[in-house]
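Peer 1: I'd like to ask you about the structure that follows.
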Amino acid sequence: MLWVKGHKKLVIILSLVLVVALVLAIALPVGLANKDNGTYYAYSFEQFNENEYYKLDGGKWTNASGEKGTYEISGDKITIYQEIFGSNMKLASGTLKDGILTLSIGGAEMKYAMKGAVHVHEYEEWTVVTPSMCMRQGTEQGKCKCGETKTRSLPLAEHKPKNEWGMDEEQHWQICSVCGQAINKKAHTFGEDFCSLCGLPAKETTGLEFREDGDGYIVTGLGSATGPIIRIPAQYDGLPVTSIGNKAFYNCDGLTSITIPDSVISIGEEAFSSCGKLTSVTIGSGVTSIGERAFRDCSNLTSVHITDLSAWCRIDFAECSASPLLYAHHLFLDGTEVTKVTFSADITEIKDYVFRGGSALTSVVIGQNVTSIGNNAFRRCSALTDVIIGRDVTLIKEEAFYECSVLKNITYQGTVDEWLAIEKEKKWDRDTVNYTVTCTDGTVSKYGTVTRK
Ligand SMILES: [Zn+2]
Ligand SMILES: [Zn+2]
Ligand SMILES: [Zn+2]
């Protein structure tokens, strides 16, 4: 009986062991391991990347590239092994907690998350923070229910064209009243006599007054011609038109646009003085001199048009109001605004007043061969930040860079001593910021502090 009793006990114990083993065998992979099973997508910058993931399944993983391996979990720690040629190599280790898998792989930390384990912001109710303008993108801010905000930029606003048209020989355009850019550029559409949009005459203006002068003609006045747009002909009575006489268009207050042909060599004193409605001037490439006060009181000028920058740089301007740029501020070469100027190799002196008032100019390269920089040459170039000056310059004339209020960098292609030896006339750098002159062997500040390499 004792044996039988003992035997029965053994059977019960064995049965219990069997049941526990069976329960464990089912519970371990399905229950305990199961809480980590699932797909962990790469998650960064608040976004899931569905193309990159680890799919964990009962100690084995696979990914989007078809790679596979095993992993071990101990508490929050996870170690990932990759199966390479049949054997397991340690690939990464990290943590696995609350549906977020953080792995350190080759020194970089990568985050993977189960869908739903992380909060994905949903930004709504976008409100404008700064409205867009045509030259600057505005911003708007969105808010997530969790309180997080996000700022993003808005598209540029449309330009606001002024009503009147600017024009040169080839095309017309409008000026944006906000940013000053030339917009809506288009070739003229000539009807019978005028461009139907801007009014440019299809033909050169007839009826102007001329006076014969040697082998050419001088324009002396408006004659029977009517404005507001004047295109001076290149020829009159079989001879070239070579100059605009003194006071030829003085006080022509109906004039809005004037085109001077390449045949013209000189523009006389006060030729366009007090043309208060003049907005656009096209200067031909033959002009070499412009007399005193030629554009004085042309205060509505907005654009000067040229087709040859070197030719512009060779003009002798008698004084500041001899240049239409004084009021216009914007110089256009073949319809594109000139913002960077590199003086061509054949230029040996920078003429007086050449870019005075050119407020769109940002950089100037004065290369070798140039020996002097003219009086007022860049005065009030209010956007000019960078100037390169060649080693041959020996003279910088009066007020050359006066009121270049943002001039920061002058790069001089000679030594500090050579820079200091350049003759600089009075007020040449007055009203500029504290710029730095970078020479080949050191720097010089505006106020003369020398640092040698
Ligand atoms: Zn949120
Ligand atoms: Zn604009
Ligand atoms: Zn037109």
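The values are calculated or read from the model by the stated rules, or taken from the named source; none is laboratory data. Treat the numbers as computed from the prediction; the structure is a model and nothing was measured. In this analysis, Cβ positions are derived from the backbone assuming ideal geometry, glycine residues included, and neighbour counts consider all displayed protein chains. Heavy atoms of the whole protein, side chains included, go into the accessibility calculation; ligands, DNA and RNA do not. Shrake-Rupley method; radii C 1.70, N 1.55, O 1.52, S 1.80 Å.
Peer 1: Here are 205, 226, 189, 220: which of them is over 23 Å from residue 276 (Cα atoms) and either of a type in the set (Ser, Thr, Tyr) or within 16 Å of ligand 1 (Cβ to nearest atom) (or both)? So that I can check it myself, show each step before the final result.
Peer 2: Working: 205 fails: over 23 Å from residue 276 (Cα atoms); 226 fails: over 23 Å from residue 276 (Cα atoms); 220 fails: over 23 Å from residue 276 (Cα atoms).
189 is the lone residue from the list that is over 23 Å from residue 276 (Cα atoms) and either of a type in the set (Ser, Thr, Tyr) or within 16 Å of ligand 1 (Cβ to nearest atom) (or both).
Peer 1: List the pairs whose first member sits in segment 310-336 and is over 21 Å from residue 362 (Cα atoms), whose second member is acidic (Asp, Glu) and surrounded by fewer than 21 Cβ atoms within 10 Å (Cβ to Cβ), and whose Cβ atoms are under 9 Å apart, counting only residues at least 6 apart or on separate chains?
Peer 2: 318/269; 318/292; 319/292; 321/292; 321/297; 322/269; 322/292; 322/316
Peer 1: Hey, among 205, 242, 226, which residue is open to solvent by 40 Å² or more (accessible area, probe 1.4 Å) and either in a strand (DSSP E or B) or of a type in the set (Ser, Thr, Tyr) (or both)? Spell out the reasoning first.
Peer 2: On the way: 205 fails: open to solvent by 40 Å² or more (accessible area, probe 1.4 Å); 242 fails: open to solvent by 40 Å² or more (accessible area, probe 1.4 Å).
Sole residue among the options that is open to solvent by 40 Å² or more (accessible area, probe 1.4 Å) and either in a strand (DSSP E or B) or of a type in the set (Ser, Thr, Tyr) (or both): 226.
Peer 1: Would you mind telling me which numbered condition in (1) within 16 Å of ligand 2 (Cβ to nearest atom); (2) more than 20 Å from residue 137 (Cβ to Cβ) residue 168 fails?
Peer 2: Going through the list (1) within 16 Å of ligand 2 (Cβ to nearest atom); (2) more than 20 Å from residue 137 (Cβ to Cβ), residue 168 breaks only (1).
Peer 1: Could we say that residue 200 is more than 16 Å from ligand 3 (Cβ to nearest atom) and surrounded by 13 or more Cβ atoms within 10 Å (Cβ to Cβ) here? If you could, list the steps in order and put the result at the bottom.
Peer 2: Values: more than 16 Å from ligand 3 (Cβ to nearest atom): no; surrounded by 13 or more Cβ atoms within 10 Å (Cβ to Cβ): yes.
Criteria not met by residue 200.
Peer 1: May I pose another question? Are there any strands (runs of 3 or more DSSP E) wholly within segment 319-394 with 2 or more residues that are under 22 Å from residue 424 (Cα atoms), more than 20 Å from the chain's Cα centre (by Cα) and of a type outside the set (Lys, Arg), and if so which? Show your work before the answer.
Peer 2: Values: elements: 331-333, 340-342, 363-366, 386-389.
In segment 319-394, 386-389 are the strands (runs of 3 or more DSSP E) which contain 2 or more residues that are under 22 Å from residue 424 (Cα atoms), more than 20 Å from the chain's Cα centre (by Cα) and of a type outside the set (Lys, Arg).
Peer 1: Would you check which residues across segment 129-149 are outside any strand (DSSP E or B) and more than 16 Å from ligand 2 (Cβ to nearest atom) and list them? First the steps, then the outcome.
Peer 2: The initial filter retains those residues of segment 129-149 that are outside any strand (DSSP E or B), namely 131-138, 144-148.
Within segment 129-149, 144, 145, 146, 147, 148 qualify.
Peer 1: Could you list all residues from segment 407-427 that are in a loop (DSSP other than H, G, I, E, B) and in contact with a Phe, Trp or Tyr (Cβ under 8 Å, 6 or more places away or on another chain)? Walk me through it before giving the result.
Peer 2: Within segment 407-427, the first condition is being in a loop (DSSP other than H, G, I, E, B), and the residues that meet it are 407-408, 413-415, 422, 425-427.
Within segment 407-427, 407, 408, 427 qualify.
Peer 1: Among the residues of segment 150-171, which ones are outside any loop (DSSP other than H, G, I, E, B) and either among the β-branched types (Val, Ile, Thr) or touching a Ser or Thr at 6+ places or on another chain (Cβ under 9 Å) (or both)? Before you say what the answer is, go through the steps one by one.
Peer 2: The first filter runs over segment 150-171 and keeps only residues outside any loop (DSSP other than H, G, I, E, B), leaving 150-153, 161-167, 171.
Within segment 150-171, 151, 152, 153, 161, 162, 164, 165, 166, 167 meet the criteria.
Peer 1: So, one more: Being more than 15 Å from ligand 2 (Cβ to nearest atom) and free of Cβ contacts under 8 Å to residues at least 24 places away in the same chain is the filter; apply it to segment 171-193 and report the residue that is least open to solvent (accessible area, probe 1.4 Å).
Peer 2: Going through segment 171-193, the residues more than 15 Å from ligand 2 (Cβ to nearest atom) turn out to be 171-172, 186-193.
Cutting the leftovers down to free of Cβ contacts under 8 Å to residues at least 24 places away in the same chain gives us 186-193.
Working: 186: 120, 187: 67, 188: 24, 189: 72, 190: 91, 191: 48, 192: 168, 193: 71 Å².
Only one residue tops the list, namely 188.
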